[in-house]
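Worksheet: the structure to be examined is printed underneath.
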Amino acid sequence: MVDKVVRSVDEAIAGITPGANLAIGGFGICGNPLVLIEAIAERGINDLVVYSNNPGTQVTGESLGLARFSEKHLMRKFGGSYVGFNIEFERQYLNGEIEVELIPQGTLAERMRAGGAGIPGFYTATGADTAVALGGLPQRFNPDGSIASPSPPKETRVMTFRGEERTFVFEEAITTDFALIRAKKGDRAGNLVFNLSAQNFNFEAAMCGGITIVEVEELVETGTLDPDEIHLPGIFVDRVLPLSPEQVAAKPIEIIRTRSDDGGQSQAHTDAELLNPDGKGWSRSGIGNRAAQELRDGEYINLGVGVPTEVANFVPEGVTVTLHGENGILNMGPYPTESEVNADLINAGKTTVTLKPGGATFSSSLSFAMIRGGHINTAILGALQVSEKGDIANWGIPGKKMNGMGGAMDLVKGAQRVIAVLDHVSKDGSPRLLAECTYPLTAAGVVQRIITSLGVFDVVDDHLNLIELAPGVTLDDIAANTEARYTVDPSLST
C-alpha cells in the first residue's frame, strides 16, 4: 500500500535548495503551511521564487507565514495578488530589493490550476485595458522610486463570448518545482480534506507543484476517509507531514472581529452615525446604508473590503441576499461570537466571519469561476478614483502604496452590476471623481453606479448623471468637489 508519510520536517523539505520555485497555499495566513514555511526560514534557503496569494503578514506585530521569508530576505521574486499587511515586504518592493509580479487573484488561481491540468495558457477578460495587459506594472523599482523593470505587454484577442464581443488577455500557466500546502485531514496515500475557507489556494498550489508537500493536522489510515469527503486526491500529493498537537494549536488569525452573543442581531445605528460629524454628507456607515438600498431580493452579492463591508449591516427588511467571499465562501454570515471564532473561517479582508445555514466553502479557482462566469449579480467595491466614463482605480498609488489588485479586477469584469463606493474627496481634499483616473486602472468602463459621501451618480455614456444628494449637501458642494463632467438629473432627490 502506498505510504507517503515522512518522518521529519527535514525529510519533508528535502530537495528545496536556493533558487527553487515554490507554490504556497493559503489566503493571508489562513490555510498557510506554517510549519513548512518556518522550516525553510530557519534553514535560510534563499533566492526563492514564490507564488502565493499573499506574502505573509505583520498585522499582529510579528512576522507570520511568508513574512518570515521577507524578514530574512529569502525571496528573489514573489508573484501574488495582494501585498497588504506585510510592511517589510512592501518596503523591499518599493526600494527595489525584490521583484514582484502582481497578478489578479482569479488569474493567479486559474494559472496554478491550469499548470496542474496541463493547460499552458488561457484567455481571460480580467485585466484587459489595464497595465496587466498593456504592460508597465512595476515589477522592480529603483531605490529612488522610479520603475526599473516594468511588466511586458501581453497578447490580447477580441472574441465573442455569450453574444458579446470583448477583449481577452492571454495568461500563461504556473508550474513550480515544489508546492507547500496545509490540510485539515489526510491519509497515508495523500488524500486530503480541507477545512472551511482554509481550502482557498491549497487546492491549486498542490496541482501545479512538481513535488507537493502537505502538512496535515490529522493523519488517518488509508481507507478511513469517505471517498466523497476527499477534496484533493492523493495523485497530486507526494509527501505527507503529520503535525504535532502543539503545531496544530498554533494557528494565528490576522484580524479577529466578534459580535456580542445576542442571537446575531446587529447593533442599530443612529441617524447621526450615518452622517459626517458636520452633518454634511454620509459617513462610511452612511455610504454603506445607502448602498444597501441597491440590493435586490435573491441576489448573489460580493462586497469588497473597507467601506463595502458596511453594506452587510443595512440589508433592507424583506430582502434576502447571499454574500460571496472571493476567498471561497458563499452565504457568509455576521462576525462570530467569541466562542465561534475559527481560524479556518475568514472573509476576503482576512477577518473572522461565520456561515449562514446553506453556506458553502470551496477552492479559489471555483470561487473565481463563479465571478468570471457572470454568476455574481452585484459587486460593490471601494475605490480610490472613478472617471466620468466609469473607469475605476482601487488598488495602488504609484511610488506610495502598491497593495495589489486582489480579486477586484476579476469582480468588475465578471459581475453583472458594479457599484463603486467612496469618499467624494481624498484626505487632502482633492476630487476622486475625475475626467481620467491617474492611478493604475482596475478596469475601464465597468462602473454603473457611484455612491460617494456627497451623492449618487450614474455613469451615462461618457459622463456622470447626479441622481441624488446626500443629506446636508448642495449642488454647490458637488460642483466644488467634482472634476468629472456630470449632469444633474431632472428628478434629483435628497
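The values are calculated or read from the model by the stated rules, or taken from the named source; none is laboratory data. It should be emphasised that the depicted structure is a prediction, and the values quoted were computed from it without experimental measurement. Ideal geometry is used to build each Cβ from the backbone, glycine not excepted, and the neighbour counts take in all protein chains shown. Calculation scope for accessible area: heavy atoms of the full protein, side chains included, ligands and nucleic acids excluded. Shrake-Rupley method; radii C 1.70, N 1.55, O 1.52, S 1.80 Å.
Taking the criterion of being out of contact with any helix residue (DSSP H, G or I) (no Cβ under 7 Å at 6 or more places or on another chain) and either over 29 Å from residue 374 (Cβ atoms) or open to solvent by 20 Å² or more (accessible area, probe 1.4 Å) (or both), the residues of region 311-327 that qualify are 312, 317, 318, 319, 320, 322.
Among the residues of region 91-100, at least one is out of contact with any Asp or Glu (no Cβ under 8 Å at 6 or more places or on another chain), outside the structural domain of residue 367 (by the TED database), farther than 21 Å from residue 406 by Cβ and of a type outside the set (Gly, Ala, Ser). Looking only at residues in region 14-52 that are of a type in the set (Ser, Thr, Tyr) and closer than 18 Å to residue 365 by Cα, the one that is nearest to the chain's Cα centre (by Cα) is 52. Here residue 24 clears all of (1) open to solvent by 10 Å² or more (accessible area, probe 1.4 Å); (2) in contact with a Ser or Thr (Cβ under 6 Å, 6 or more places away or on another chain) except the condition numbered (1). The single residue among 438, 442 that is buried (at least 22 other Cβ atoms within 10 Å of the Cβ), closer than 30 Å to residue 125 by Cα and of a type in the set (S, T, N, Q) turns out to be 442. One residue alone among 460, 447 is within 19 Å of residue 290 (Cα to Cα) and either among the small types (Gly, Ala, Ser) or touching a residue at least 24 places away in the same chain (Cβ under 8 Å) (or both), and that residue is 447.
For residue 473, state whether it is part of a strand (DSSP E or B), β-branched (Val, Ile, Thr) and surrounded by fewer than 24 Cβ atoms within 10 Å (Cβ to Cβ). Steps first, please.
Working: part of a strand (DSSP E or B): no; β-branched (Val, Ile, Thr): yes; surrounded by fewer than 24 Cβ atoms within 10 Å (Cβ to Cβ): yes.
Criteria not met by residue 473.
If you go through region 300-314 and keep only what is in contact with a strand residue (DSSP E or B) (Cβ under 6 Å, 6 or more places away or on another chain) and either part of a loop (DSSP other than H, G, I, E, B) or without any contact (Cβ under 8 Å) to a residue 12 or more places away in the chain (or both), you end up with 304, 306. Is it the case, given these coordinates, that residue 40 is closer than 29 Å to residue 187 by Cβ and β-branched (Val, Ile, Thr)? So residue 40 fits the description; yes. Could we say that residue 399 is among the small types (Gly, Ala, Ser), open to solvent by 20 Å² or more (accessible area, probe 1.4 Å), farther than 22 Å from residue 108 by Cα and in contact (Cβ under 8 Å) with a residue 24 or more places away in the chain here? Spelling it out, residue 399 is indeed among the small types (Gly, Ala, Ser), open to solvent by 20 Å² or more (accessible area, probe 1.4 Å), farther than 22 Å from residue 108 by Cα and in contact (Cβ under 8 Å) with a residue 24 or more places away in the chain.
With the condition being at pLDDT 95 or above, of a type outside the set (Ser, Thr, Tyr) and open to solvent by less than 20 Å² (accessible area, probe 1.4 Å), I'd like the helices (runs of 4 or more DSSP H) fully within region 49-142 carrying at least 3 qualifying residues. Give the derivation first.
On the way: elements: 67-71, 87-94, 105-117, 131-134.
Here the list reads 105-117.
Being part of a strand (DSSP E or B) and either modelled with pLDDT under 95 or open to solvent by 30 Å² or more (accessible area, probe 1.4 Å) (or both) is the filter here, so list the residues in region 218-248 that pass it. Walk me through how you get there before you give the answer.
Just the residues of region 218-248 that are part of a strand (DSSP E or B), to begin with: 218-220, 232, 239-242.
Once the filter is applied, which keeps residues that are part of a strand (DSSP E or B) and either modelled with pLDDT under 95 or open to solvent by 30 Å² or more (accessible area, probe 1.4 Å) (or both), region 218-248 yields 218, 219, 239, 242.
Restricting attention to region 160-213, the residues that are in contact with an Asp or Glu (Cβ under 6 Å, 6 or more places away or on another chain), part of a strand (DSSP E or B) and either open to solvent by less than 30 Å² (accessible area, probe 1.4 Å) or without any contact (Cβ under 8 Å) to a residue 60 or more places away in the chain (or both) add up to 6.
Screening 330, 381, 355, 366 for residues that are out of contact with any Leu (no Cβ under 6 Å at 6 or more places or on another chain) and open to solvent by less than 10 Å² (accessible area, probe 1.4 Å) leaves exactly one candidate, 381. Among the residues of region 147-159, those identified as surrounded by 11 or more Cβ atoms within 10 Å (Cβ to Cβ) and in a loop (DSSP other than H, G, I, E, B) are 151, 153, 154, 155. Here is a check on your reading of the model: is residue 467 touching a residue at least 40 places away in the same chain (Cβ under 8 Å) and more than 18 Å from residue 396 (Cβ to Cβ)? Answer is no for this residue.
Within region 431-445, is even one residue among the acidic types (Asp, Glu) and under 29 Å from residue 27 (Cβ atoms)?
Step one: list which residues in region 431-445 are among the acidic types (Asp, Glu), which gives 436.
Keeping just the survivors that are under 29 Å from residue 27 (Cβ atoms) gives none.
Looking through region 431-445, none of the residues is among the acidic types (Asp, Glu) and under 29 Å from residue 27 (Cβ atoms).
Please verify whether residue 293 is open to solvent by 40 Å² or more (accessible area, probe 1.4 Å), in contact with a strand residue (DSSP E or B) (Cβ under 9 Å, 6 or more places away or on another chain) and modelled with pLDDT of 95 or more, treating the condition exactly as stated. No, not satisfied.
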